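The values are calculated or read from the model by the stated rules, or taken from the named source; none is laboratory data. It should be emphasised that the depicted structure is a prediction, and the values quoted were computed from it without experimental measurement. In this analysis, Cβ positions are derived from the backbone assuming ideal geometry, glycine residues included, and neighbour counts consider all displayed protein chains. Ligands, DNA and RNA are excluded from the accessible area calculation, which covers all protein heavy atoms including side chains. Shrake-Rupley method; radii C 1.70, N 1.55, O 1.52, S 1.80 Å.
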Amino acid sequence: MGFFDFLTEEIAIDLGTANTLIIHNDKVVVDSPSIVARDRISGKIIAVGKEASMMQGKTHENIKTIRPLKDGVIADFDASEQMISMFIKNIPALKKKFFTPALRMVICIPSGITEVEMRAVKESAERVNGKEVYLIHEPMAAAIGIGVDIMQPKGNMIVDIGGGTTEIAVLALGGIVCDKSVKIAGDVFTNDIIYYMRTQHNLYVGERTAEKIKIQIGAATEDLELPPEDMSVQGRDLLTGKPKQVNISYREIAKALDKSILRIEDAVMETLSQTPPELAADIYNTGIYLAGGGSMLRGLDKRLSQKTDLPVYIAEDPLRAVVRGTGITLKNLPKYKSILIK
C-alpha cells in the first residue's frame, strides 16, 4: 500500500433517498438533495443536487428530474452513479488534484437491504474509482454519530427516520441485535400532506411545496408547547383549475401525518418486544435516540416517549448524525473493522 497511500483520498458517504452527504478530511463537503436532472435528448446530466431540486416539478418534456434512490436503495443505477461521481468531482480538495485519486470509502446502507441492493451500492462506488469500499449499516453509523459507544456490552436503541426508510435497531457489542426497517419516512410524510391538501382543501400542491409545509409547520401531535405560525400555501384549485392560496395550521398537518406516525410507533413497539431482557433493562435506563431528518418533526419525541414510557433524545444536527458516524469509522478503520461490511 505504502507508495499509493498519498494518492488515496478517504471519503465517507451517506447515500440517502432524500439527501446525500459526503465527509472528506473531517469536513462535510457535500450536503445536497439526492436528485439529478437529465436532458432527455442527449441523455446528459445537466444538474445535480440543489440545482436539480429547484427544477423538480417545473420541467418541460426535454428535462427529466430523477431521484436515483427509492426506499433507501438504488433504483436507477446509471443516474445514481452519475450523481455520486458529480458530487465527488465537486469536492473542493479533490478538484485541485491533477488526476483522479483512488478513493477509500465508507458508505452507509439501510439495515433491511438485500445482497443484490448491497452489490449495486458497491459497484456504483467502484465505478467512481473506489478502490477500497466498506459498507456500514445506517443505525450503527447513526449511533456512532450521536456519540454512543457501540462496542460496549450495553444495549442502545436507535430510531433513524430518513427520507425513504425508518431504521429501528437495538445495538450492543458492535452489532445489531434486533432491527426493523419500515418504508415509512420523510417521503411518505410528504405524500400524506399532498393527499390531505387534495382531499380536504381541493388544492393540488407539488412535492416541493408539500416538503416546505412539512419543514415549516410539520407536527406529530396536535398539542405543541411552541406551535409554529400558520402558513399560506399556494397551489392549483382542483374545482376551478385556478391557482389559489389557503392557510394551513400545524394541527392539520398533525392530522395528515397521524396514520404514518402510528405505523412508526408500532414498529418501535415491535422492536422493543423482540429485545432480549438484559438489553431491555439497559434501554430502560438509556432511552431511545432519534436521528435523521424525520426526527425533527415537532412533537415526535414527546409522542414516542408517551407511547414507550421511555426517555427519547434527538441527536444534535440529526440530518448529519449518520454521515458523522460514517466519518468517524473511516478515521478509526482498525477499531471499527469488525462492524464494517467489506
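The table below lists the values:
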item: Residue within region 181-191 that is at pLDDT below 95, closer than 30 Å to L340 by Cα and touching a Pro at 6+ places or on another chain (Cβ under 7 Å) present; result: yes
item: Condition check for N90: touching a Ser or Thr at 6+ places or on another chain (Cβ under 6 Å) and either of a type outside the set (S, T, N, Q) or farther than 26 Å from V188 by Cα (or both); result: no
item: Flag if L333 is under 14 Å from V159 (Cα atoms) and not hydroxyl-bearing (S, T, Y); result: no
item: Residue within region 160-178 that is open to solvent by 50 Å² or more (accessible area, probe 1.4 Å) and not in a strand (DSSP E or B) present; result: yes
item: Any pair with Cβ under 6 angstrom, 6 or more apart, that starts in region 67-78 at a residue that is under 16 Å from T166 (Cα atoms) and ends at one that is in a loop (DSSP other than H, G, I, E, B) and open to solvent by 50 Å² or more (accessible area, probe 1.4 Å); result: D71/K183
item: Output for region 66-100, where each listed residue is open to solvent by less than 50 Å² (accessible area, probe 1.4 Å), under 17 Å from I23 (Cα atoms) and assigned to a loop (DSSP other than H, G, I, E, B); result: I91
item: Sole residue being in contact with a Pro (Cβ under 7 Å, 6 or more places away or on another chain) and modelled with pLDDT of 90 or more, chosen from I107, I168, I144, I158; result: I158
item: Lone qualifier among S111, S124 - being assigned to a helix (DSSP H, G or I), under 21 Å from V322 (Cβ atoms) and in the same structural domain as S34 (by the TED database); result: S124
item: Test for T190: is it closer than 18 Å to M296 by Cβ, among the polar types (S, T, N, Q) and buried (at least 16 other Cβ atoms within 10 Å of the Cβ); result: yes
item: Yes/no for K50 being open to solvent by 30 Å² or more (accessible area, probe 1.4 Å), under 18 Å from the mean Cα position of the chain (by Cα) and under 28 Å from D160 (Cβ atoms); result: yes
item: Residues located in region 127-159, provided they are assigned to a strand (DSSP E or B), closer than 19 Å to A315 by Cβ and open to solvent by less than 40 Å² (accessible area, probe 1.4 Å); result: I136, N156, M157, I158, V159
